[in-house]
1. May I ask you to list the residues in region 152-208 that are at positive phi and under 26 Å from the mean Cα position of the chain (by Cα)?
2. Just for region 518-535: of the residues that are free of Cβ contacts under 8 Å to residues at least 40 places away in the same chain, part of a strand (DSSP E or B) and more than 24 Å from the chain's Cα centre (by Cα), which one is nearest to residue 559 (Cα to Cα)?
3. Mind counting the residues in region 355-403 that are modelled with pLDDT under 95, surrounded by 17 or more Cβ atoms within 10 Å (Cβ to Cβ) and more than 25 Å from the chain's Cα centre (by Cα)?
4. Inside region 83-108, can you point out the residues that are in contact (Cβ under 8 Å) with a residue 60 or more places away in the chain, crowded, with 23+ Cβ neighbours inside 10 Å and closer than 19 Å to residue 241 by Cα?
5. Among 489, 434, which is the only one that is surrounded by fewer than 17 Cβ atoms within 10 Å (Cβ to Cβ) and more than 24 Å from residue 381 (Cβ to Cβ)?
6. For region 212-235, which residues satisfy the criterion of being part of a loop (DSSP other than H, G, I, E, B) and out of contact with any strand residue (DSSP E or B) (no Cβ under 6 Å at 6 or more places or on another chain)?
7. Any residue in region 545-559 that is over 26 Å from residue 533 (Cβ atoms) sitting within a Cβ distance under 6 Å of a residue that is surrounded by fewer than 16 Cβ atoms within 10 Å (Cβ to Cβ)? List the pairs, counting only those 6 or more apart or interchain.
């Protein structure tokens, strides 16, 4: 792997996990192989969203930011703070694994992540790996992995702050301080958002469904020593979100208090002969209390604890061997009585990264033993051949699985404890290249998913009956055009339920995006166009969701070296559209913010 440049990069792995940006032109990526690689070394298709990308976008929440990425489709049940589902490469919303600083974040009851509650202010960087990764991470990584890295500390004291106001009485504010501390460096960030929101549905409660979010993140990274390096991280967000319920009287008020939190600790030891041993512990929580007219009527609190050990051993300069163990335990605390409220999982994995002249190979195997569904094995292989004129041919194969959620298994009068895991196999072929003006990639893939969990109207319980085949083509280009920084992508999908021949619900056959950004002296401006083809909202393909085009834009001006003002406009065309039947989406929005950035 280029004289295994990643051996040098690997020496910075704990630092990379804490601060995934380097001074090199190529960003360092850790999610695809659980080891540090520069972007040009990664064989899997990866998208990186930097802090600069976040600040230059007009997105107000994580769902809006992810919706403009290749291979991703996002649905939202109303405005800000409402249930947000992410579909990666046409797979189900529960088929994407979400990590925060290496710690898994999801609700064990529904088996998916509450993306709507993760504030953009606390995010330093996002890595999106498309394609199966169960061979490294276990359950959920069927469509891919999304890893969020929280704000990092800096080597000098820096302070940042911002405040803004916009449509729907949306107020946002945040502050950050970072710098050296106790031989290492720290980062502390806080943020708050409050909005009146919109009426989520038509025909239920006629009101605005508000949302508020208060969040903080903290990071500390020790300096290098004879005993290795330590990283500590914390992200917590809590607040209230209002929602509609069409099954009760239109005058009833519904809302939910929520908390999502992730804490992690990582210690890495660097041996003199090159191997690295890493130990990580973490906990994540997804808590929700729901109310009807102020009376508590539901509680679903889930906790995920994990402990992992990994060793990375360079072999003969051109190869890297990785092995590790993962232990995880999930538990549920609810007003609902589940037949089982906890389960654990032990996983063991190994990976080989090798370079053979112009050929590069990454192969991985994993075995998981789950307390409820037993053992399961997965594997993957990625291959690359370097061609002339900077071209690279890629091929890959992988298997993955998704363990049933607690609701699928144990929810009273609904769950089915005999459910098996959902399993998949995927194959892909790609070609990529580039020059000084930009880079492009073209990939085609086919994914087969068996034993999909679906609701049986006869038994009134979930069963393993569905089968799906997803064929897709992804085209990306990132580069510079007449002093504009441009990123564009197109995804073509054929997501089919093989038992019925119907199109999988809420997945479009065509999606595309175009982002353009330019800086001109103190001015900065850009736009983002997002296209979503028509979809069906139901399995029977009787309810159609129309195609739509969204256009966003932003304009900023640097008042002084430290102060700037920015205007962000969303849905400039005031497009009326739905991502889920019966739920309204935001119209045209305008948000203005004032920001202070200490250059240090």
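1. Of all residues in region 152-208, those at positive phi come to 168-169, 179, 182-183, 197, 203.
Answer for region 152-208, where residues must be at positive phi and under 26 Å from the mean Cα position of the chain (by Cα): just 197.
2. Checking each candidate, the answer is 523.
3. 3
4. 106, 107
5. On the way: 489 fails: surrounded by fewer than 17 Cβ atoms within 10 Å (Cβ to Cβ).
The unique qualifying residue is 434.
6. Taking region 212-235 first, the residues part of a loop (DSSP other than H, G, I, E, B) are 222-224, 226-227.
Listed by number, the residues that qualify are 224, 226, 227.
7. 557/522; 557/523; 557/565; 558/522
Here is a yes/no grid of residues against (1) touching a helix residue (DSSP H, G or I) at 6+ places or on another chain (Cβ under 6 Å); (2) surrounded by 19 or more Cβ atoms within 10 Å (Cβ to Cβ); (3) at pLDDT below 95:
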residue: 499; (1), (2), (3): no, no, yes
residue: 504; (1), (2), (3): no, yes, yes
residue: 528; (1), (2), (3): no, yes, no
residue: 539; (1), (2), (3): no, no, yes
residue: 563; (1), (2), (3): no, no, no
residue: 600; (1), (2), (3): no, no, yes
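The values are calculated or read from the model by the stated rules, or taken from the named source; none is laboratory data. The shown structure was predicted, so the numbers you read here are calculated from the model rather than taken from an experiment. Heads up, the Cβs are rebuilt from the backbone with ideal geometry, glycines too, and the neighbour counts pull from every protein chain shown.
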